[in-house]
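J.: Structure in structure tokens, see below.
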Amino acid sequence: MSTAAAVLDNPRIGRSPGHTATIYLKEAKYEFLKNLRLRVYSASVISFPLMFYVLFGLVLNSKEAIVGGTTMTAYLIATYGTFGVMGASLFGTAAGLAADRGLGWLQVKRASPMPPFAYFFAKVTLSMIFSAIVVSLLLVLGISFGGVRLPLAEMAKLLATLVAGSLPFSAMGLAIGYFAGPNSVPSVINLIYLPLSFCSGLWVPYMFLPKFMRQIALALPPYHLSQLALGIVGAGRHEPVATHWEVLIAFTLICLGVARIGFQRDQGKLYG
Amino acid sequence: MIATLDEKQHTRELNPATEVASLEGVSKNYGQVRALCGVNFTVRAGEVVALLGPNGAGKTTAVKLLLGLMQPNAGKVRVFGGDPVNPQNRMRAGAMLQVGRVPETLRVREHIDLFSSYYRNPLPLETVLAAAGLEKLRDRKFGDLSGGQRQRTLFALAICGDPDLLFLDEPTVGLDVESRRALWEQIRHLVARGKTILLTTHYLQEADALADRIAVINQGEIIAEGTPAQIKAQTCGKRIRCISGLSASVVRQIPGVTEVKEDREAIEIQAAEAETVARELLALDPRLSGLEITSAGLEEAFLALTQDNGQNADRQS
């Protein structure tokens, strides 16, 4: 049959934009459901920042304490909010990616017609949703028990800033996820995430850190995100907002570059 | 005429001579290890091809190349006449791979729903569940499934897009006899509907039961190719088994005997022609019992081929 050659010629059978959008949404929906049901993820990502806040912000603290120009309880929403956003993003992307890669599931998805970008979109969206949940819960706690008073517009701005701030750490998570093995990834994340948080002034407020650490913090992305958040609650150090965003964007691009190297290197090799 | 071809016509008009997937002179190395060496291999429309080989022979590498999961170091990989990485080709193919982990907190129907969404004309959920025998398990989380049920779910993910070309990498590993037979039935249904299937297995009976054509692969090369009958014919014809006091060395002297093995109390003899050998045995030992004469199976052919091929080819199974 003369049409046999034409048949193999592969006429462009594209997907409609509606179809593609459906795939992206479903991918994100199931990524969210999957992680929501995973107690290990959802409980720890949400509860750790809340626990720290309750302990250091509400219990071990008097409501009148002032730090950096605002109440301690408001201050800590910004810093633990940053901490929570980092955690949600790192664990949301790196852990899932490393496990999917190392144990063959990512191969099954790559072999399917799934648009590769949908996979990343789903992970980033997951990180953003959980970031939003953490920050919202911190705000609820702060307002209900910590005497925090913030205008609605400022709260919305805080939420938006921190959720946008999940993107650099999602990028970081992708970079980690492409190079770590599935068993080692939680340790790798914690080894990076916890010291990074401390040195950026997310636990002990920045002004109480020793001088040399305060210098180091200026180079750390979480410091910059927390400064943006602190600026909104009235405790910023009056540095130009643009600088902070520039650092975060540069950091995102570097991480995406690293992730891309990992993506190209990833030719079906399985790691333990 | 080319401009008016729609997708339904696309699949129906694949004539049997059409190459659906091929490896042309393909080599693939992992560092120093040569997984595939100048392999030429073709899958034609509507056939079931089994890629048969011991572990480490290169079967999974071949499948991964055909799925576009990696690039060959040399040669060309073609699926539907084009690059396997092309999403249009991926939308016409489905794959069942061996995986160590599948997200466990998603339900069976959710997994199927997600994979179905990638395709243009997926099968309805009920059809997929029925084909994979998962109707009662639709709401079960993947982590709560038994091994066999998990395999059936992976099979469901492979077929949910109603693909023209199906890759099955060791599909019945870990299944009990009943599930294995059920899966073979499903594969036969798919073939009857005109699908093309590439199956890898080290389970010889499976290749024998399902395949139109078998390619035996060992150490990165295809060492034999043909119908199951042709492959079986490549070894000596008959196997004779009996319980006898005769020693192996005596039996070896009988004309026509090519190999003798002792198996506990019995002797297993390979011979080109059964009747002369059997006559000689009965004459030599009147008290001989438990006489069985069968055709040498695929297993013998396979072992003979792979042992001849590699000087020190390890017997993995």
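J.: Over the Cα atoms of region B:174-245, compute the convex hull volume and normalise it per residue, giving Å³. Working shown, then result.
T.: Working: hull volume 12.0 nm³, N = 72.
Spread over its residues, the Cα hull of region B:174-245 gives 167 Å³ apiece.
J.: Let me ask you something else. Using only Cα atoms, figure out Rg for the protein assembly as shown and give it as a multiple of 2.2 N^0.38 Å.
T.: 1.25
J.: Given H placed 1.01 Å from N in the peptide plane, which residues other than close sequence neighbours of A:V148 have an amide H under 5 Å from its amide H?
T.: Excluding prolines and chain starts, which carry no amide H, the hits are A:I143.
J.: Can you sort B:E206, B:E292 by how many other beta carbons sit within 10 Å, fewest first? Before the final figure, lay out the partial values.
T.: On the way: B:E206 22, B:E292 11.
Exposure proxy ranking, most exposed first: B:E292, B:E206.
J.: Also: When you look at the Cβ of every residue in B:79-89, what mean number of other chain Cβ atoms sits within 10 Å?
T.: 3
J.: Moving on to the next point. Most exposed first by the Cβ proxy, i.e. fewest other Cβ within 10 Å, how do B:D164, B:D83 rank?
T.: In increasing order of surrounding Cβ atoms, one gets B:D83, B:D164.
J.: For region B:24-33, take each phi angle, set θ = phi - 60°, evaluate the Karplus expression 6.51 cos²θ - 1.76 cosθ + 1.60, and give the result in whole Hz per residue in order, putting x for glycine and proline.
T.: 10, x, 7, 10, 9, 10, 10, x, 7, 7
J.: Quick check: from the Cα gyration tensor, does region B:238-296 come out rounded (a/c under 1.5), prolate or oblate?
T.: rounded
J.: Given springs between every Cα pair under 10 Å in a Gaussian network model of chain B, which of B:A192, B:A62, B:A301 has the largest fluctuation?
T.: Highest fluctuation of the listed residues: B:A192.
J.: Residues of region A:64-97 with backbone nitrogen within less than 15 Å of a virtual label 7 Å along the Cα-to-Cβ line of A:H238, please, listed as ranges.
T.: A:68-70
J.: So which of A:K34/B:K59; A:K123/B:K136; A:K109/B:K64; B:K136/B:K195; B:K64/B:K195 end up more than 22 Å apart, counting from Cα to Cα?
T.: A:K34/B:K59; A:K123/B:K136; B:K136/B:K195
J.: So what is Rg over Rh here for region A:22-265, counting just Cα atoms and using Kirkwood for Rh?
T.: 0.98
J.: Under 17 Å Cα-Cα from B:K261, which lysines qualify once same-chain neighbours fewer than 8 residues away are excluded?
T.: Partners found: B:K238.
J.: What's the local net charge at B:S295, with K and R +1, D and E -1, over the other residues with C-beta under 9 Å away?
T.: +3
Taken together, the values in this text are just the output of simple stated rules run on the coordinates, not laboratory data. Note that the structure is a prediction, hence the values are computed from the model and not measured. Cβ: placed from backbone, ideal geometry, glycine included. Neighbour counts: every protein chain shown.
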